[in-house]
Amino acid sequence: VIVKAAKGAKAWEKAEDPIFALENGLPIDSQHYVDHYLEQPLSRIFEPIMKNPKELFTGDHTRAIAVSTPSSATGGMMRFAKKIKRCMGCKAALSPAAKDASLCEHCKGKEAEIYAASLNKANMLEDQFSALWTQCQRCQGSLHQDVLCTSRDCPIFYRRKKVQKDLTDAHDQLQRFAEEAW
């Protein structure tokens, strides 16, 4: 995949293994895919019927794409940033004194709701992963063995990897509740 990099960087400098990009949270260069995989083919299709098919991709009707926040994995100045825990409810920074806290003082009253929402998210991701895992087992020919598939041509492979990463994050979030003394 092509990941975001410095302006003017060559494509080979921005090319990255999809699994590595997924596991390390590298931002995908969506503009590259719009320009090369959508704009050019659609321009060729609409050339015979429109005077200027480039109008489809410029102007007020096009939407802005949010740029992801840099992380320590992407490098730069973020390597020097210190990561602090945030409230799972309102995302406010938690004080260093509250080492095991998962919620700020304002969200303590909604602890059950926030925990239930986190648990529901984890359950939904577990269901998705289970369905994808079963589909991979069927493709492999056995429902009783681990999936050994590494076919990077299969769209289910990447969906399974993405859901697996999201599920790990959801379990980590639930673990923050377990660390807190009830």
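Mind checking the full-extension length gain between residue 15 and residue 120? Use 0.36 nm per residue of separation minus the Cα-Cα distance, one decimal, nm.
Length gained, residue 15 through residue 120: 34.2 nm.
Of (i) 1, 7, 11, 12, 9, 8, 8, 7, 6, 6, 5, 5, 4, 3, 2, 2, 2, 1, 1, 0; (ii) 1, 8, 14, 16, 15, 12, 10, 8, 6, 4, 3, 1, 0; (iii) 1, 6, 10, 12, 13, 13, 14, 12, 9, 5, 3, 1, 0, 0, which one was derived for P(r) over Cα pairs in 5 Å bins from 0, in percent from the structure shown?
Recomputing P(r) over Cα pairs in 5 Å bins from 0, in percent here gives the entry labelled (iii).
If the reach is capped at under 20 angstrom between alpha carbons, list the aspartates and glutamates near residue 51, excluding any in the same chain fewer than eight residues apart.
Answer for residue 51, where 20 Å is the Cα cut-off: 35, 39, 60, listed by chain and number.
Go ahead and run the numbers for FRET between residue 153 and residue 36, Cβ-Cβ distance against an R0 of 22 Å, rounding to 0.05.
FRET efficiency, residue 153 to residue 36: 0.65.
Taking the Cα atoms only, what angle lies between the long axis of helix 111-140 and the longest principal axis of the chain, rounded to 10 degrees?
Relative to the chain, helix 111-140 is tipped by roughly 50 degrees.
Please list, in chain and number order, the residues 5+ apart from residue 86 or on another chain whose amide H is under 5 Å from its amide H, with Hs placed from the backbone.
Sorted by chain and number, the residues that satisfy this are 94.
Hey, what number do you get for the chain at 222 nm if only DSSP H runs of n ≥ 4 count, each worth -39500 (n - 2.57), divided across all residues, to the nearest 500?
-13500 deg cm²/dmol
Lysines near residue 14 by alpha-carbon distance under 18 Å, same-chain residues fewer than 8 away left out - which ones?
4
How high is the relative contact order of the chain, given as a whole-number percent (alpha carbon pairs under 8 Å, six or more residues apart)?
Result for the chain is 16 percent.
Calculate the dipole size of the chain relative to its Cα centre from +1 charges on Lys and Arg beta carbons and -1 charges on Asp and Glu beta carbons; express the result in debye to the nearest 20.
About 400 debye.
Which of the aspartates and glutamates could be linked to residue 85 by a straight reach, that is with a Cα gap under 15 Å, when you skip same-chain ones fewer than 8 residues away?
Correct list for residue 85: 100, 105, 169, 172, 179, 180.
Grab segment 108-179 and count how many Lys pairs have their alpha-carbon atoms under 23 Å apart, sequence gap of 8 or more, or different chains.
The result is 5.
When the convex hull of the Cα atoms of segment 108-179 is projected onto a plane and the area is averaged over all directions, what value comes out in nm²?
For segment 108-179, the mean projected area of the Cα convex hull comes to 5.5 nm².
Normalised by the number of residues in segment 108-179, what is the relative contact order in percent for Cα pairs under 8 Å and 6+ residues apart?
Reported as a whole number, the value is 40 percent.
Just so you know, all these numbers are worked out from the coordinates, no wet-lab data involved. Keep in mind that this is a model prediction, so the values were computed, not measured. Quick reminder, even Gly has a Cβ in these numbers, built from the backbone with ideal geometry, and neighbours come from all protein chains shown.
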